[in-house]
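Only one structure is covered here, and it is reproduced in the block below.
The values are calculated or read from the model by the stated rules, or taken from the named source; none is laboratory data. None of the values given here were measured: they were computed from a predicted structure. Backbone-built Cβ (ideal geometry, glycine too); neighbour counts: all protein chains shown.
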Amino acid sequence: MENKSLSQRIADFVLGLKYEDIPKEVIDHAKMLMIDTFGVSFPSMDEDHAKQVKTAVLKLTNVDQATLWGENNKTTLDHALMYNGCLVHGLDYDDTHAGAIIHPSSSVVTTAVSLGEYLKIDGKQLITSMVAAYEVLLRLGNACRGQMHLNNFHPTGVFAPFAAICIAARFYGESAETIVNAMGIAGSMAAALMQFSVDGSWAKKMHPGWGAHSGMYAFRLAREGYIGAREVFEGSMGLYNAHIRTTEFLDETFSDFYNRWYTKEVLFKFYPVCHMMHSHLDILFEFMDQEKFNYDDIESIHACLSPRAANIVALPPELKKAPETDYLMRFSIQFCLAIASINKRLSMKEICLDWLKDERVQKQMDKITVESAKEYEVTGYFPGKLIIKLKDGRVFEKFQKYETGTKENPAKKSNVLRKYYDNTQDYISKKQADDLVALIDNIENIDNAAQLAKLLAKQ
């Protein structure tokens, strides 16, 4: 039998997947991902980055194709993808797959709902196409084994175009050849840099939306017969050799379609900061609750991380202890542990530059030291270790191997709903929030995705 390229194998899976093939627990998890995604979108609407993206796209040529979430008007599909993707990922509060190190729903849900609204896609097709995209996107990320970050690329942005292509191909009923060419084209659009983690700039916020936008362009070109590289992933000058210099794990990672469902492995974020320090925050809150101490009882906090995580959230310490933007706050373990210990929580309200005027925050950050070692690396997870020493001599130490939301440390739907209602309460009515949840819970029975978009519009 003729050997197929990876993009051909992906195309066979994407076009062959049926709703009936997907286990119920996977569908249920995908629904919760949708609820969480819409929840994190609403508070992002007040942020400067969202206002400026909206202003920019509305100055371009517009036709009524897809809803700008939170608005009462529509715009061109491409502009909606860009804006809605920025809403989802703009606060870094959206879901993550730890092994792939990708925020998947920011491109998957954005594309499925916006394009689904435009094409009037029914609920079963919507959820099936989302799962197809999750399964491909997350395998593409997992095959990197963390090396995208080590080579200064952000895999959420690098791989988002391919998720959009999977969804578009199913919605339009396109051929495997179109998917192969579209992916071959999108490989040349796959770049997303990590410099934001150094200077706190905003580019990362647009990575998923721009990726979905790019994927749609690649798909349109492929539909018209434009030829893309057939070995865009595994080729000697393909994406993996270009970005991480190896294709070692591609075949292994793509060998288990239908047996392993990456969709149900996607984790919810319960703190609006980089996922690589969530275990440290879990430990801090656990000890503060159990042992009944306050921030001013703490003499020192020693945080242990993997080298990969330390490079993103802990180093250099002098920069992380003086974050100049709200985004740098989200990528500073020193700030996050300090503010969390002071307020005994880490919510959206703690990610604010005004907190740096509080002298307690700087004093608390000065108590925090960081250790980086390979022994704190757990493949496919975001582990963490804290050693907390109190002024009275007591010492508390814990290594959390599995962050909240993993199968070893599972999150409940009630946790997701609590986060959703906390995020939406200042932006939409309780009735609108309830109606959105009810519609998603029954998504397989709706006949038009526009019903979903209507509940995401301003009312």
Answer from D28, D46 - the residue that is surrounded by fewer than 21 Cβ atoms within 10 Å (Cβ to Cβ) and part of a loop (DSSP other than H, G, I, E, B): D46
Every residue from region 183-201 that is part of a helix (DSSP H, G or I) and polar (S, T, N, Q): S188, S197
Contacts under 6 angstrom Cβ, first residue in region 176-201 being over 26 Å from G16 (Cα atoms) and of a type outside the set (A, V, I, L, M, F, W, C), partner assigned to a loop (DSSP other than H, G, I, E, B) and modelled with pLDDT under 95, 6 or more apart: S197/F331; G200/E324; G200/T325
Failed criterion for L77 (all others in (1) of a type outside the set (S, T, Y); (2) free of Cβ contacts under 8 Å to residues at least 60 places away in the same chain; (3) touching a strand residue (DSSP E or B) at 6+ places or on another chain (Cβ under 9 Å) hold): (2)
Residue among G146, G173 that alone is at positive phi, assigned by TED's automatic domain parsing to the domain that holds L17 and touching a residue at least 60 places away in the same chain (Cβ under 8 Å): G146
Residues of region 407-459 satisfying the condition of being of a type in the set (A, V, I, L, M, F, W, C) and within 17 Å of F270 (Cα to Cα): A411, V416, L417
Residue within region 399-408 that is free of Cβ contacts under 8 Å to residues at least 12 places away in the same chain and not assigned by TED's automatic domain parsing to the domain that holds E291 present: yes
Hits in region 70-113 - residues which are under 11 Å from the mean Cα position of the chain (by Cα), small (G, A, S) and outside any helix (DSSP H, G or I): G90, A98, A100
Verdict on A169 being among the small types (G, A, S) and in a loop (DSSP other than H, G, I, E, B): no
Where K204 falls short, out of the listed (1) farther than 15 Å from S107 by Cβ; (2) in a helix (DSSP H, G or I); (3) among the charged types (D, E, K, R): (1)
